[in-house]
Amino acid sequence: MKKRKLFTILALTVLSISGISLSLSRKNEVVETKGYSSIKATDVTTINLKNRTLSEVKNYYKNLNGLSASDLKGTNLLKNLKPILKDGQLYFNYDSNSLWDLYEITDRDWVKSPASAINGSGYGSYDSDTETITGYVYGKSNSNPGSNPYVHALYVNRDVDNQTRAWGNHNQDGWGINQEHIWAKANGFETSGAGGARGDPMHLWAGNGYANNIHSNNFFGYVDKTENYTDCGTKYPNLTGNLSGTSLTVPSSKEVFEPQDSDKGDIARAIFYMAARYNYYSGSDGDGINGDNPNLILVQDSYHETSGYQSTTETPGTMGIISDLLEWNRLDPPDEWEIRRNNILFNSYTKNRNPFIDYPQWAEYVWGNKDDKNVNFDTDVLNSFDDAGQVVCYRCFFR
């Protein structure tokens, strides 16, 4: 389990970005498709790595201010978050190669491949005072594997070096990196739409290909180790801790996938984001329901529809298991890498944020309950908003 301290999370997030230009270096990179604007990573050559200040993050959610208590919990909170998350949002085309370029920055392992390593490399320069990369040249992963940055790949033990640099062969047995849809695209939005949900990097991460195939389109949850299950580490020791099998939480008609402990909270918050960004609780928001803009909900059971269906009002795209995801959100709160990824996407690429990285406790407003012994609603969760509905709390409730 990742070890994090509350003050670390706060300190990382309140760093000042004064003096930094937030404008992007672009050349006609925004393309309108089916009402959604897509972007290519290669058109963003000036990259801001700064974490946003507390006041800036609160300002992003300012449209929640003044809402009634009932509008700040349950599906009403999801409904009210959706227009904030979609406002000005840019997407990546899943059917293009641009996501591989994006991962060089967003999914970079900043410990093994620090930003300072870019200087003198011939593919950009890094200013530590402003925490800005300028003149960045993408595609080194294709043209020069020896200069690949390490990436933080889902499902891979962090002490493994080789896996995180296997760009040359994405299907390399046991080592290759895939584009992992944390909310499986087969669960509600596989049939159409290259952008939108399919191309949303908030849940589209670099991940180990072998574990990704085992995950398939199964829900996430605790695996019952008293039953038959698959341990990815049996075949590849670098994947120890990733299990597929019968759910431990609910009677299961489908298998669930349990990732290693260090990925559990990250995965939960990516799924929470998808349910907030792509829902139809407003009844009609002008977008309709299609492959770009599916109707997604979280459920407690592990059953899901036949793979590859398009969500509708009657058959929403589903993902779970809620109780397990909530527990993972508490046990594995955001760390420095996840916070930075959220800010990089907001600063320089998609222009939106994951509210459950900024305010992990908001998941309890939507899917939690006051009877949960792990959550102190009165002193922690409810303090996110004051009596007038103003966002006032910027801290996790995790112990």
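FYI, it's all coordinate maths here, none of it is from the lab. Bear in mind the structure is a predicted one, so any value in this text is a computation, not a measurement. Heads up, the Cβs are rebuilt from the backbone with ideal geometry, glycines too, and the neighbour counts pull from every protein chain shown.
Here W337 and E314 are evaluated by their C-beta separation; at R0 = 41 Å the FRET efficiency comes out at 0.55.
In this structure, the residue pairs whose Cα-Cα separation is over 25 Å, taken from K185/K225; K50/K73; K50/K112, are K185/K225; K50/K73. Across the range 247-266, the residues whose backbone nitrogen lies under 18 Å from the label position 7 Å along the beta-carbon direction of R158 are 259-266.
Over all directions, average the projected area of the Cα convex hull of the range 182-269 and note it in nm².
Details: hull surface 25.0 nm².
So the mean shadow area of the Cα hull is 6.3 nm².
Would you mind classifying the range 265-309 by shape? Square roots of the alpha carbon gyration tensor eigenvalues, ordered a ≥ b ≥ c; an a/c under 1.5 is rounded, otherwise it is prolate if a/b is larger than b/c and oblate if not. Oblate. Given R₀ = 30 Å, FRET efficiency for K62-S37 by Cβ-Cβ distance, to 0.05? So the FRET efficiency works out to roughly 0.85. Remark: the Cα gyration tensor places the range 45-121 in the prolate category, a/c being 1.5 or greater and a/b exceeding b/c.
Highest mean packing comes first when the peptides 92-103, 297-308 are listed by Cβ atoms within 10 Å, giving 92-103, 297-308.
Per 0.36 nm of contour for each residue apart, how much would the distance between T234 and S323 grow if the chain were fully extended, relative to their Cα-Cα spacing?
On the way: separation 89, 0.36 × 89 = 32.04 nm, distance 2.76 nm.
Value of the extension gain: 29.3 nm.
Per-peptide packing, taken as the mean over residues of other Cβ atoms within 10 Å, places 328-335, 198-205, 120-127, 37-44 in the sequence 198-205, 328-335, 37-44, 120-127 from highest down.
Sorting 229-242, 349-362 by average packing, meaning the other beta carbons within 10 Å per residue, from highest down gives 349-362, 229-242. Spin-label model, S125/K112: points 7 Å from Cα along the beta carbon direction are separated by 2.9 nm.
Evaluate the range 273-337: find the radius of gyration of its Cα atoms, find its Kirkwood radius, and give the ratio Rg to Rh.
1.04
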